[in-house]
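Each remark here refers to the structure printed beneath this line.
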Amino acid sequence: MTKDPSIRLSDAGRSLLSWLGAHLVQPDDCAEVIARVPPHRSDQVALLARACAQNWHHIAHRLEECAATAK
């Protein structure tokens with residue numbers, strides 16, 4: 001997406017790229033993140049991770065709806 005002029009050349013697009021960069025989780029980072037969580041906070045972090053997953057699911061669903069109506 002960084003090469004897409006409609007994203008790269010607009011404030012909204014650059015903001016989107018920045019937001020995505022801050023919120024994406026890379027599979028290779030998972031083990032390191034898990035290792036940093038103190039065991040007594042594992043349940044709380046798991047709840048936060050599940051909430052984030054639900055939010056991403058909602059975003060994906062809405063984007064799919066937008067794509068379907070744009071066709």
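The values are calculated or read from the model by the stated rules, or taken from the named source; none is laboratory data. Because the structure is a prediction, the values reported are computed rather than measured. Positions of Cβ are generated from backbone atoms using ideal geometry, with glycine treated the same way; all protein chains shown enter the neighbour counts. Ligands, DNA and RNA are stripped out before the accessible areas are found, and what is left, the full protein with its side chains, is counted by its heavy atoms. Shrake-Rupley method; radii C 1.70, N 1.55, O 1.52, S 1.80 Å.
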Worksheet item: Taking residue 47, is it open to solvent by 80 Å² or more (accessible area, probe 1.4 Å) and of a type in the set (A, V, I, L, M, F, W, C)?
Response: yes
Worksheet item: Which of the residues spanning region 1-21 are open to solvent by less than 80 Å² (accessible area, probe 1.4 Å) and of a type in the set (D, E, K, R)?
Response: 4
Practice prompt. Restrict the check to region 22-33 and report whether at least one residue is open to solvent by 100 Å² or more (accessible area, probe 1.4 Å), under 18 Å from residue 1 (Cβ atoms), of a type outside the set (Ser, Thr, Tyr) and without any contact (Cβ under 8 Å) to a residue 60 or more places away in the chain.
Written response: yes
